[in-house]
1. Using 0.36 nm per residue, how much length does the chain from residue 119 to residue 97 gain when fully extended, once their Cα-Cα distance is taken away?
2. For segment 140-162 and segment 43-118, write down the distance between their C-alpha centroids in whole Å.
3. Contour minus end-to-end for residue 110 and residue 75, with contour as 0.36 nm per residue of separation and end-to-end as the Cα-Cα distance?
4. Among bridges DSSP assigns within segment 2-153, what percent are antiparallel (round to 5)?
5. Take 154, 160, 140 and order them by how many other Cβ atoms sit within 10 Å, fewest up front.
6. How large is the convex hull of the Cα atoms of segment 2-153 per residue, expressed in Å³ as a whole number?
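A short reminder: the numbers here are calculations on the coordinates, not readings from a lab. This is a predicted model, so every value here is computed, not measured. When we count neighbours, we look across all protein chains shown, and the Cβ atoms used for this are built from the backbone with ideal geometry, even at glycine.
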């Protein structure tokens with residue numbers, strides 16, 4: 001979730017001249033669901049109004065369409081919607097192509113896509129006020145398009161652990 005209010009993160013300012021960032025306080029924003037292809041560095045994202053089991057099922061369907069052949073192994077956190085009974089018929093029907101692997105609880109550092117969200121926030125949103133959610137959405141998709149043209153940078157930044 002990229003919210004319409006952003007906190008001041010690491011920044012600098014002249015002593016006594018702290019940067020002020022206005023906020024709306026309405027808790028609106030952009031909800032993204034995405035994958036990061038570990039081998040190619042490709043990012044595939046969709047935007048949803050809300051993030052629930054129905055939205056997640058729609059995302060899984062779109063992932064299968066986006067990658068029309070081969071086995072897909074998705075690494076996920078343990079969010080309740082990832083385990084919803086609502087998903088079970090779909091997962092059973094697509095078990096030959098789609099496998100969900102769950103990370104241990106409280107381990108976001110192991111989820112590569114969390115690194116993508118951090119990169120997005122650092123690069124685009126921290127310390128900036130956007131006058132509307134539409135402007136936030138435009139910046140999100142601009143960032144996704146940009147990094148999807150630099151797959152090697154994505155792999156180096158998010159996939160390679162030394």
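1. Details: separation 22, 0.36 × 22 = 7.92 nm, distance 2.96 nm.
Length gained between residue 119 and residue 97: 5.0 nm.
2. Segment 140-162 and segment 43-118 have Cα centres separated by 19 Å.
3. Working: separation 35, 0.36 × 35 = 12.60 nm, distance 0.92 nm.
Net length gain for the segment: 11.7 nm.
4. Details: 8 of 13 bridges.
Close to 60 percent.
5. Working: 154 23, 160 8, 140 19.
If I rank by nearby Cβ atoms, fewest first, I get 160, 140, 154.
6. Working: hull volume 21.4 nm³, N = 152.
With only Cα atoms used, segment 2-153 gives 141 Å³ per residue.
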